[in-house]
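Asks: Dropping the structure in here first, questions after.
The values are calculated or read from the model by the stated rules, or taken from the named source; none is laboratory data. This structure is a prediction, so every number in the text was calculated from the model and none was measured. Cβ coordinates were reconstructed from backbone atoms using ideal geometry, including for glycine residues, and neighbour counts include every protein chain displayed.
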Amino acid sequence: MTDAASPRHVPNRLQSPAARLLKSWEVLLLAVAVAIFIANSLASPYFLNAWNLSDATFNFTEKAMIAFAMALLIISGEIDLSVASIIALASTAMGAAVQMGAGTPELVVIGIVTGLLCGAFNGVLVTGLGLPSIVVTIGTMSLFRGISYIVLGDQAYRGYPSGFSYFGQGYVWWVISFEFVLFAVLAVIYGVLLHKTNFGRMVYAIGNNATGAAFSGIKVARVKFILFLLTGLMSGIAAICLTSRLGSTRPSIAFGWELEVVTMVVLGGVSILGGSGTIPGVVIAAFVMGLVTFGLGLLNVPGIVMSIFIGLLLIGVIALPRLWQKWRP
Amino acid sequence: MSITRRLFGGAALAAMMVAGGGAAQAQDNVRIALVVKALGIGFFEAAAKGAEEAAAELGNVEIIYTGPTDTTAEGQIEVINSLIAQQVDAIAVSANDTDALVPVLKKAMDRGITVISWDSGVAPEGRELHLNPSSNALIGNMIIKLAADELPDGGQVALLSATTTSTNQNTWIEEMNKVMGDYPGIEVVATVYGDDLADKSYREATGLMQTYPDLDAIIAPTSVGIVAAARAVEDAGKVGEVNVTGLGLPSEMAGAIESGASKSFAIWNPIDLGYSAAYLAYELATDAAEAGPGAEINMGRMGTLTLDDNGEGAMADPFVYDASNIEEFKSIF
């Protein structure tokens, strides 16, 4: 939101004045989250129940894991639309390994390695050949899922070892699921990576001005390659969780998730044009989307109405700060 | 993160206080959730009508008609999670995926909810019984018979199915292939997939007519595909040359029957199906019946359902619609 239309505005490369604006963004989003939470509690007697809220977290934890890496990628000015297809391919690879007798540790390694390989493939095409990431990843979106369809057709892989179900169905303590803990840990890791390390500052610098960053001695291609690798890695991890949760693999797994992940990132205040955004914003956005879908679900609101609501929320949250700026210069 | 953690921690705390109250306000009505593959599909709207009919007959039943926006397993899992949260009494689901729904449905059963599948089934460990609208063998035979009856001298037919992963369609096509020997001279030249999307089905049907100029019939065992195929035949000016048949809804197919693009098609009655699903869910949820191999369960005006060793039962034979009865049924569903 700090981009082209307001050229005099300085994005938060270092803790610049922009930090205040971004903070207000998160405050706004948090207010929305709290409002939704309260509205849900009033609207449905079933909302305030620990197990139900725990179940609700599954609506967004896997997508949010990818959203963290995607946020960094989008801040750097690139995008990866192949993430859902990476899930499909990683899940298919794990399923194939199960048929050959692989155990839980091997499956985890296979899921992660498949994700990394896909990310590396995207990264090489974008940074090595200098192709636009949106084109490359639209291509690999079809490619990766296409491979799954060729391998599986209308079949499904089943028979995952019982220990494997822990990742998507296990609970660490009481209602706190393994997925939720992983989501929280990854949120902290990505928050630190983006906001407290040199690497994070390089990501902002590249997003604001890639040429300038290169002249400042930042290895732009290498940073971007690492970001694609991270996005692939997170997709692999999400594939492990989702496959474990579903207990089976079909080539249509996670269909359409790339747009939900991007929606989450943009709702979190990350500029789609690159250069600004925060991890706390994305975390709150994940909760907002999770709470909205679950709350409306409890009221048995049809899914299409939910989509409309999410769309309006996205437009509203993005438009509000800009309107604010206009009215109070 | 600290903010969100506090938010969630607070929620959990509040939940503990409210949990008792939430459980106490159980309602008198038996709440049966009819979960469909996706909302906005005529077939399922008709099934919901049938379920409401059963509810009216049974008296103290509330039907919750719900489903995801897209035909995805992940979407259905989210819907089922919210139904578990509402502590409904029964879930009757037409599944987008045989296996992927099993863990969440197991969770539902663990929490005391009756789970049955209907139309498109769930693996046995994820439900108490499965209600088939008809038997797969009968449907497989019916779709090829409808095409063959119009082709006494034999000919080329092609299949326009839903998605490559659609449990229903794949089973029927498999059963159809088993009885192809009974229809000498009929050759299946291709199977294409329209993904149950009107525009893609239309393109695939048009493609079939271009690839196989001598094509005599398109069999679409999906209510979306058959309408799109009929329109494609009309638009290509091939009415009379290519007969569209398969499974469709009378209301959507009335035009195709009138134009001659389709001579006949079959479908069970989705109203009966929704009625039976709701009735069965009620019988199980109120412990009036118990599911198990060989069990016979009351379905009201549809008679009784007999379960096989897999816990599956067939409701009735598919019904053929043509120019003689389309007028009567097109206003029903």
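Asks: When residues of the range B:20-43 are filtered for being within 14 Å of chain A (Cβ to nearest Cβ) and modelled with pLDDT of 90 or more, how many remain?
Replies: The qualifying residues number 7.
Asks: Next up: (1) touching a helix residue (DSSP H, G or I) at 6+ places or on another chain (Cβ under 6 Å); (2) part of a helix (DSSP H, G or I): which one isn't true of A:Val172, the others all being true?
Replies: (2)
Asks: Which numbered condition in (1) among the aliphatic types (A, V, I, L, M); (2) assigned to a loop (DSSP other than H, G, I, E, B); (3) under 27 Å from A:Ser252 (Cβ atoms) is the only one that B:Ile173 fails?
Replies: The failed condition is (2).
Asks: I would also like to ask the following. Within the range B:155-171, count every residue that is surrounded by fewer than 21 Cβ atoms within 10 Å (Cβ to Cβ), in contact with a helix residue (DSSP H, G or I) (Cβ under 9 Å, 6 or more places away or on another chain) and more than 18 Å from B:Leu208 (Cα to Cα).
Replies: Adding up the residues that qualify gives 1.
Asks: If you don't mind, there's one more thing I want to ask. Filter the range B:75-111 down to the residues that are among the acidic types (Asp, Glu) and touching a residue at least 24 places away in the same chain (Cβ under 8 Å), then identify the one that is farthest from A:Gly297 (Cα to Cα).
Replies: That would be B:Asp99.
Asks: Sticking with this structure for a sec: Scan the range B:234-252 and report the pairs whose first residue is farther than 11 Å from B:Ala217 by Cα and whose second residue is charged (D, E, K, R) and crowded, with 18+ Cβ neighbours inside 10 Å, with Cβ atoms within less than 6 Å and a gap of 6+ or a chain change.
Replies: Pairs found: B:Pro250/B:Lys330; B:Ser251/B:Lys330.
Asks: Related question: So, of the residues in the range A:278-306 that are touching a Ser or Thr at 6+ places or on another chain (Cβ under 6 Å) and without any contact (Cβ under 8 Å) to a residue 40 or more places away in the chain, which turns out to be farthest from the other protein chains (Cβ to nearest Cβ)?
Replies: Among those that are touching a Ser or Thr at 6+ places or on another chain (Cβ under 6 Å) and without any contact (Cβ under 8 Å) to a residue 40 or more places away in the chain, it is A:Met306.
Asks: Of the residues A:Thr114, A:Thr140, A:Thr127, only one is more than 14 Å from chain B (Cβ to nearest Cβ) and in contact with a Gly (Cβ under 8 Å, 6 or more places away or on another chain); which?
Replies: Step by step, each of A:Thr114, A:Thr140, A:Thr127 is checked, and only A:Thr114 is more than 14 Å from chain B (Cβ to nearest Cβ) and in contact with a Gly (Cβ under 8 Å, 6 or more places away or on another chain).
Asks: Could you tell me how many of the residues in the range B:278-306 are outside any helix (DSSP H, G or I) and within 23 Å of B:Ile63 (Cβ to Cβ)?
Replies: 12
Asks: Only one of (1) at pLDDT 95 or above; (2) closer than 20 Å to B:Val36 by Cβ is not met by B:Gly274, so which one is it?
Replies: (1)
Asks: Condition test on A:Ile272, is it outside any helix (DSSP H, G or I) and of a type in the set (A, V, I, L, M, F, W, C)?
Replies: Against the criterion (outside any helix (DSSP H, G or I) and of a type in the set (A, V, I, L, M, F, W, C)), A:Ile272 qualifies.
Asks: Can you pull out every residue in the range B:60-83 that is under 19 Å from A:Glu62 (Cβ atoms) and in a helix (DSSP H, G or I)?
Replies: Answer for the range B:60-83, where residues must be under 19 Å from A:Glu62 (Cβ atoms) and in a helix (DSSP H, G or I): B:Ala73, B:Glu74, B:Gly75, B:Gln76, B:Ile77, B:Glu78, B:Val79, B:Ile80, B:Asn81, B:Ser82.
Asks: Keeping to the range A:58-81, report how many residues are polar (S, T, N, Q) and touching an Asp or Glu at 6+ places or on another chain (Cβ under 7 Å).
Replies: Here the count works out to 2.
Asks: Could you say which residue among B:Thr171, B:Thr165, B:Thr211, B:Thr206 is farther than 15 Å from B:Ala148 by Cα and in contact with a Ser or Thr (Cβ under 6 Å, 6 or more places away or on another chain)?
Replies: That would be B:Thr165, the only listed residue that is farther than 15 Å from B:Ala148 by Cα and in contact with a Ser or Thr (Cβ under 6 Å, 6 or more places away or on another chain).
Asks: Okay, next question. Can you report the number of residues in the range B:89-111 which are at the interface with chain A (Cβ under 10 Å from one of its Cβ atoms) and surrounded by 24 or more Cβ atoms within 10 Å (Cβ to Cβ)?
Replies: Adding up the residues that qualify gives 5.
Asks: Additional query: Tally up the residues in the range B:112-136 that are touching a residue at least 40 places away in the same chain (Cβ under 8 Å) and on the phi > 0 side of the Ramachandran plot, please.
Replies: So the answer is 1.
Asks: Turning to a different aspect of this structure: I'd like to check something: does the range B:264-279 contain any residue that is at negative phi, touching a strand residue (DSSP E or B) at 6+ places or on another chain (Cβ under 7 Å) and surrounded by fewer than 17 Cβ atoms within 10 Å (Cβ to Cβ)?
Replies: No - not one qualifying residue is present in the range B:264-279.
Asks: Of the conditions (1) within 14 Å of chain B (Cβ to nearest Cβ); (2) surrounded by 15 or more Cβ atoms within 10 Å (Cβ to Cβ); (3) in contact (Cβ under 8 Å) with a residue 60 or more places away in the chain, A:Gly159 clears all except one; give me its number.
Replies: Answer for A:Gly159: the failing condition is (2).
Asks: Filter the range A:256-276 down to residues that are closer than 30 Å to B:Leu105 by Cα and modelled with pLDDT of 90 or more and give me whichever is nearest to the other protein chains (Cβ to nearest Cβ).
Replies: Here the answer is A:Trp257.
Asks: Next up: Are any residues in the range B:214-242 among the charged types (D, E, K, R) and within 21 Å of B:Pro152 (Cα to Cα), and if so, which ones?
Replies: Selection gives B:Asp214, B:Asp216, B:Lys238, B:Glu241.
Asks: Moving on to the next point. Taking the options A:Phe225, A:Phe167, name whichever one is buried (at least 22 other Cβ atoms within 10 Å of the Cβ) and either at positive phi or touching a helix residue (DSSP H, G or I) at 6+ places or on another chain (Cβ under 8 Å) (or both).
Replies: A:Phe167
Asks: Moving on to the next point. Give me the residue from the range A:174-196 that is of a type outside the set (Lys, Arg) and more than 22 Å from A:Ser235 (Cβ to Cβ) and, out of that set, modelled with the highest pLDDT.
Replies: A:His195
Asks: Looking at (1) hydrophobic (A, V, I, L, M, F, W, C); (2) within 14 Å of chain A (Cβ to nearest Cβ); (3) buried (at least 24 other Cβ atoms within 10 Å of the Cβ), find the lone condition where B:Ala85 falls short.
Replies: (3) is the only condition that B:Ala85 fails.
Asks: Let me ask another. Can you pull out the strands (runs of 3 or more DSSP E) entirely within the range B:180-273 that have at least 1 residues that are more than 27 Å from the chain's Cα centre (by Cα)?
Replies: Filter on the range B:180-273 gives B:186-193, B:215-220.
Asks: Still on this structure: Could you say which residue among A:Ala238, A:Ala205 is modelled with pLDDT of 95 or more, within 14 Å of another protein chain (Cβ to nearest Cβ) and either in a helix (DSSP H, G or I) or surrounded by fewer than 16 Cβ atoms within 10 Å (Cβ to Cβ) (or both)?
Replies: The conditions single out A:Ala238.
Asks: What number of residues within the range B:95-108 satisfy the criterion of being in contact with a strand residue (DSSP E or B) (Cβ under 8 Å, 6 or more places away or on another chain) and either modelled with pLDDT of 95 or more or closer than 15 Å to A:Gln169 by Cα (or both)?
Replies: Summing the residues that are in contact with a strand residue (DSSP E or B) (Cβ under 8 Å, 6 or more places away or on another chain) and either modelled with pLDDT of 95 or more or closer than 15 Å to A:Gln169 by Cα (or both) in the range B:95-108 gives 3.
Asks: On to the next question. Given the conditions (1) among the hydrophobic types (A, V, I, L, M, F, W, C); (2) more than 28 Å from A:Val223 (Cα to Cα); (3) surrounded by 15 or more Cβ atoms within 10 Å (Cβ to Cβ), report the number of the one that A:Met100 does not fulfil.
Replies: Only one criterion in (1) among the hydrophobic types (A, V, I, L, M, F, W, C); (2) more than 28 Å from A:Val223 (Cα to Cα); (3) surrounded by 15 or more Cβ atoms within 10 Å (Cβ to Cβ) is unmet by A:Met100, namely (3).
Asks: Among the residues of the range A:175-189, write down those that are outside any helix (DSSP H, G or I) and within 8 Å of another protein chain (Cβ to nearest Cβ).
Replies: Passing the criteria: only A:Val175.
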